[in-house]
1. Just to be sure before I move on: is Ser55 among the hydroxyl-bearing types (Ser, Thr, Tyr) and touching a Ser or Thr at 6+ places or on another chain (Cβ under 8 Å) in the structure I sent?
2. Based on what the data block shows, is Ala142 open to solvent by less than 10 Å² (accessible area, probe 1.4 Å) and either of a type in the set (Phe, Trp, Tyr) or at pLDDT below 95 (or both)?
3. Output the number of the condition that Val39 fails; it satisfies all remaining conditions of (1) open to solvent by 20 Å² or more (accessible area, probe 1.4 Å); (2) touching a residue at least 12 places away in the same chain (Cβ under 8 Å); (3) farther than 17 Å from Ile134 by Cβ.
4. Name every residue in the stretch 48-68 that is touching a strand residue (DSSP E or B) at 6+ places or on another chain (Cβ under 6 Å), under 17 Å from Arg89 (Cα atoms) and not acidic (Asp, Glu), in order of residue number.
5. Can Ala155 be described as crowded, with 16+ Cβ neighbours inside 10 Å, in a helix (DSSP H, G or I) and of a type outside the set (D, E, K, R)?
6. Condition test on Val77, is it aliphatic (A, V, I, L, M) and farther than 17 Å from Phe136 by Cβ?
7. Give the residue that is least open to solvent (accessible area, probe 1.4 Å), with candidates limited to residues of the stretch 69-115 that are more than 15 Å from the chain's Cα centre (by Cα) and closer than 21 Å to Arg9 by Cβ.
8. Scan the stretch 3-22 for residues that are open to solvent by 40 Å² or more (accessible area, probe 1.4 Å) and touching a strand residue (DSSP E or B) at 6+ places or on another chain (Cβ under 7 Å) and jot them down.
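The values are calculated or read from the model by the stated rules, or taken from the named source; none is laboratory data. Note that the coordinates shown come from a computational prediction; the quantities given were computed from them, not determined experimentally. Here the Cβ positions follow ideal geometry from the backbone for every residue, glycine too, while neighbour counts run over all protein chains shown. Surface areas here come from the heavy atoms of the whole protein model, side chains and all, with no ligands, DNA or RNA. Shrake-Rupley method; radii C 1.70, N 1.55, O 1.52, S 1.80 Å.
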Amino acid sequence: MTGLVQGVRAKLAPECFVGGKMKREGCAVSLKNAPNTRVIVDFDKPGSPLGPDESRCDYLFVAEGDGGPGWVAPLEVKKGSLEAAEVLRQLRAGASAAEKLVPRGAPIAFRPVAVSGSTPKAERDRLKDRSAKIRFHNREEAVRLLSCGEPLMKALGR
């Protein structure tokens with residue numbers, strides 16, 4: 001393990017990490033072609049940096065970059081449809097938690113990701129709106145949308 005993943009692992013209790021699956025209520029995200037040096041934080045598990053009464057997304061995916069920048073991606077996963085305002089609130093909370101876990105200065109590609117089974121066009125459009133950005137380390141990124149079962153790397157740009 002190198003710096004980015006090791007640094008995140010060192011800051012959290014082992015109970016909040018999950019193995020190779022990001023799945024909620026029958027909706028999963030494929031990790032096909034994702035970097036092997038990675039850590040997945042489940043914000044619902046004990047030891048999570050977000051408390052049970054706080055708004056939070058489902059997961060935080062952090063990976064070494066395989067020669068390029070590392071990846072940091074908060075994810076909200078829902079089998080049904082997404083409600084844009086709620087998803088933005090949850091992804092912003094995940095990004096805020098990531099701010100405390102991921103050191104500044106490291107080359108990182110940040111991508112907030114929303115995954116759903118079926119989301120109405122109006123809600124998808126709200127998530128794609130220019131004002132629907134998620135801030136991380138003084139940069140803002142648009143939410144990337146995936147359907148259940150699609151590979152995470154599609155949203156991460158690889």
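1. no
2. Details: open to solvent by less than 10 Å² (accessible area, probe 1.4 Å): no; either of a type in the set (Phe, Trp, Tyr) or at pLDDT below 95 (or both): yes.
No.
3. Result: Val39 passes all but (1).
4. Residues of the stretch 48-68 that are touching a strand residue (DSSP E or B) at 6+ places or on another chain (Cβ under 6 Å), as a first pass: 57-64.
Narrowing further to those that are under 17 Å from Arg89 (Cα atoms): 57-60.
Hits for the stretch 48-68 are Cys57, Tyr59, Leu60.
5. Values: crowded, with 16+ Cβ neighbours inside 10 Å: yes; in a helix (DSSP H, G or I): yes; of a type outside the set (D, E, K, R): yes.
Yes.
6. Working: aliphatic (A, V, I, L, M): yes; farther than 17 Å from Phe136 by Cβ: yes.
Yes.
7. Ranking the qualifying residues of the stretch 69-115, first place goes to Ala106.
8. Going through the stretch 3-22, the residues open to solvent by 40 Å² or more (accessible area, probe 1.4 Å) turn out to be 3, 6, 9-11, 14-15, 19-21.
The answer is Arg9, Lys21.
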